[in-house]
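Enquirer: I'd like to ask you about the structure that follows.
The values are calculated or read from the model by the stated rules, or taken from the named source; none is laboratory data. Here the structure is a predicted model, which means the values were calculated and not measured. Cβ placement follows ideal geometry from the backbone for every residue including glycine, while neighbour counts extend to all protein chains displayed.
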Amino acid sequence: MEKISTIKAIILTIIGTLGSIVTKWFGGWTEDLTTLIIFMGIDYLMGLAIAAFWKKSGKSKTGALNSISAWQGLIRKGCSLLVVLVGYRLDLAIGTDYIKTAVIIAFITNEAISIVENIGIMGIPLPKTITKAIDVLKSKSEGE
């Protein structure tokens, strides 16, 4: 039993260390980054649901769930996070503090639009406040 606790402690230490390093690379954990990751997760899960249950995915020939399309979606989201990392590094290189935020807002806007499209495919009515919030995000993204 003690050996399992030691292995668990080592694994958790490695995960914590890697998490700290990644967080440092991104310039710290911010609320906008949290929002982006939550939106990415929602969009991904909704995309899987649409493909699995509604069979209306635009990512596969049949509209059904496809493992390659699912992996491509994860890779796209990972690359989006790499662009956020590039934005932060640009902020550091030129002495600004807005590029990372502008990149995150642009990606949040994109994810929100995708979520709204997914909601439409599912046939769920969308509250007008969500549409207005997306319009605000769009204008903020275009302004920065």
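Enquirer: Considering the range 5-19 alone, what residues qualify as being within 20 Å of ILE104 (Cβ to Cβ) and either touching a strand residue (DSSP E or B) at 6+ places or on another chain (Cβ under 7 Å) or at pLDDT 95 or above (or both)?
Expert: Correct list: empty.
Enquirer: Filter the range 31-65 for residues that are among the aromatic types (Phe, Trp, Tyr) and under 13 Å from ARG76 (Cβ atoms) and give the result.
Expert: Listed by number, the list holds a single entry, TYR44.
Enquirer: Picking from GLY28, GLY41, which residue would you name as being under 18 Å from the mean Cα position of the chain (by Cα), under 30 Å from LEU92 (Cβ atoms), free of Cβ contacts under 8 Å to residues at least 40 places away in the same chain and assigned to a loop (DSSP other than H, G, I, E, B)?
Expert: Selected residue: GLY28, the only one of GLY28, GLY41 that is under 18 Å from the mean Cα position of the chain (by Cα), under 30 Å from LEU92 (Cβ atoms), free of Cβ contacts under 8 Å to residues at least 40 places away in the same chain and assigned to a loop (DSSP other than H, G, I, E, B).
Enquirer: Just to verify a result, which residue in the range 102-144, among those that are out of contact with any helix residue (DSSP H, G or I) (no Cβ under 6 Å at 6 or more places or on another chain) and of a type in the set (S, T, N, Q), is surrounded by the fewest Cβ atoms within 10 Å (Cβ to Cβ)?
Expert: THR129
Enquirer: Still on this model: Within the range 61-78, track down each residue that is more than 16 Å from the chain's Cα centre (by Cα) and exposed (fewer than 13 other Cβ atoms within 10 Å of the Cβ).
Expert: Scanning the range 61-78 gives LYS61, THR62, SER67, ILE68.
Enquirer: Right, something else. Report, ordered by the first and then the second residue, all pairs with beta carbons closer than 9 Å, sequence separation of six or more or different chains, a first member in the range 73-101 that is over 18 Å from THR34 (Cα atoms), and a second member that is of a type in the set (Gly, Ala, Ser) and in a helix (DSSP H, G or I).
Expert: As it stands, the answer is GLY73/GLY47, since those pairs meet every condition given.
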